[in-house]
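One structure below.
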Amino acid sequence: MAITPLMPVYPRSPVRPVRGEGVYLYGEEGERYLDFAAGIAVNLLGHGHPHLTKAIQDQAATLMHVSNLYGSPQGEAFAQRLCDLTFADTVFFTNSGAEAVECAIKTARRYHFAKGNAHKHNLITFSNAFHGRTMATISATDQAKLRDGFAPLLTGFTVVDFNDLDAALAAIDENTAGFLLEPIQGEGGIRPATHEFLAGLRAACDEHDLMLVFDEVQCGVARTGALYAYEHYGVVPDIMASAKGIGGGFPMGACLASEKAAAGMVIGTHGSTYGGNPLAMAAGQAVFDVVANDEFLAEVRQKGERLRAALEQMIPNHDHLFESVRGVGLMLGVRMKTDSRAFVTYLRTKGLLAVSAGDNVMRVLPPLTIEEEHIREFVDMLSAAAAEYEVPAAAA
Ligand SMILES: *Cc1c(COP(=O)(O)O)cnc(C)c1O
């Protein structure tokens with residue numbers, strides 16, 4: 001038997017963390033890593049944050065899980081908080097991002113079904129999107145590496161170019177249910193939508209009674225310096241998926257919707273065994289206690305500016321490797337002139353964690369709790385590593 005006990009679907013790196021403290025991770029031999037990957041935009045509060053840790057410990061000892069068959073004071077309270085802070089009127093809690101997107105897709109289809117328009121089941125989605133790894137969410141992207149070998153995929157998705165408003169509008173037909181997109185693409189390479197694009201999609205949804213569905217699994221929950229990225233654009237969705245940072249490392253997600261959009265989601269139409277259990281709600285509340293206030297969000301924007309400026313300042317010293325910086329808040333990407341995957345792998349050997357993405361981008365996604373000293377340490381280490389880096393022949 002050559003297969004590993006862990007199904008070998010990830011190219012697992014030699015970084016083997018066993019402990020975390022703030023912005024640092026420690027491996028089995030005690031080696032230290034500066035973590036500017038944060039579990040891929042998950043650990044908003046870093047590792048071992050006292051408020052989040054205590055909330056989970058206390059709740060675990062009080063009541064961990066019951067069932068959605070019972071009333072949920074914990075779920076009601078966190079759903080109310082999300083509704084108060086966003087466009088939403090109602091929330092379905094999930095265990096992951098893909099499930100939040102699944103719920104969003106189902107909600108959009110049910111909206112039209114409930115109006116007697118079951119033929120309006122088709123979502124227009126966008127090139128290089130990432131919505132998760134379930135059958136529906138891989139059907140909603142054109143990325144071959146996510147889709148190959150899993151046919152037959154689900155029908156009901158039409159992919160057009162991201163940020164191409166004319167193409168999106170031209171794709172609308174009698175079967176269209178709405179649009180599904182990331183306001184800022186993450187895995188696709190930290191690509192923000194233009195304001196014109198999102199505003200144009202919103203206008204089309206209003207005109208044709210379509211659902212605007214945002215996947216804010218990566219860009220949501222304070223990552224960009226707004227609680228949700230749609231606020232930067234002033235473009236409000238009908239349905240939105242949230243996950244990753246929402247539990248600060250505890251696995252959870254949420255599908256948020258306006259009352260109008262959720263019209264079809266009546267008793268019996270959807271469910272989840274674990275979704276929204278008391279332990280998850282305690283984690284979500286603890287994260288929001290820290291991030292959901294103007295002062296914290298302003299700090300994220302300031303740190304984002306500082307980190308961005310420091311990266312931009314460094315680029316001319318290594319312009320054979322780096323091209324430009326893009327992104328919003330602490331969701332940043334450095335576009336590279338060489339293979340970003342190989343470079344990120346190399347950085348790990350230098351004690352530095354970042355994440356590669358599409359379009360040869362190195363994602364920089366630190367905990368939102370970083371301090372000035374961590375920004376300096378990151379950029380110093382990155383610059384030193386870049387100076388020593390030998391571009392692999394195959395990737396040059
Ligand atoms: C990570 C991600 C998902 C999938 O989340 P999982 O928790 O891995 O299922 C969906 N959409 C976006 C934009 C993501 O970044």
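Assorted remarks:
- Scanning the range 170-196 for residues that are under 20 Å from Ala108 (Cα atoms) and either within 16 Å of the ligand (Cβ to nearest atom) or in contact with a helix residue (DSSP H, G or I) (Cβ under 9 Å, 6 or more places away or on another chain) (or both) yields Ile172, Thr176, Ala177, Gly178, Phe179, Leu180, Leu181, Glu182, Pro183.
- Test set (1) open to solvent by less than 60 Å² (accessible area, probe 1.4 Å); (2) assigned to a helix (DSSP H, G or I) - Asn117 fails condition number: (2)
- Residue tally, condition away from the ligand (no atom under 16 Å from the Cβ) and touching a residue at least 12 places away in the same chain (Cβ under 8 Å), over the range 112-153: 10
Conditions (1) assigned to a helix (DSSP H, G or I); (2) of a type in the set (Ser, Thr, Tyr); (3) within 30 Å of Asp58 (Cα to Cα); (4) in contact with a helix residue (DSSP H, G or I) (Cβ under 7 Å, 6 or more places away or on another chain), marked per residue:
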| site | (1), (2), (3), (4) |
| --- | --- |
| Leu307 | yes, no, no, yes |
| Thr338 | no, yes, no, yes |
| Arg348 | yes, no, no, no |
| Glu377 | yes, no, no, no |
| Ala384 | yes, no, no, no |
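- So Ala2, is it among the aliphatic types (A, V, I, L, M) and under 17 Å from Ile370 (Cβ atoms): no
- Hits in the range 28-44 (condition: surrounded by fewer than 24 Cβ atoms within 10 Å (Cβ to Cβ), more than 16 Å from the ligand (Cβ to nearest atom) and touching a residue at least 12 places away in the same chain (Cβ under 8 Å)): Glu28, Glu31, Arg32, Tyr33, Leu34
- Of the residues examined, Ala167 is not one that is open to solvent by 10 Å² or more (accessible area, probe 1.4 Å), in contact (Cβ under 8 Å) with a residue 12 or more places away in the chain, away from the ligand (no atom under 16 Å from the Cβ) and not in a loop (DSSP other than H, G, I, E, B).
- Hey, Leu25 away from the ligand (no atom under 16 Å from the Cβ) and part of a strand (DSSP E or B) or not: yes
The values are calculated or read from the model by the stated rules, or taken from the named source; none is laboratory data. Owing to the predicted nature of the structure, the values given are computational and were not obtained by experimental measurement. Glycine also receives a Cβ, built like all others from the backbone with ideal geometry; neighbour counts cover every protein chain displayed. Ligands, DNA and RNA are excluded from the accessible area calculation, which covers all protein heavy atoms including side chains. Shrake-Rupley method; radii C 1.70, N 1.55, O 1.52, S 1.80 Å.
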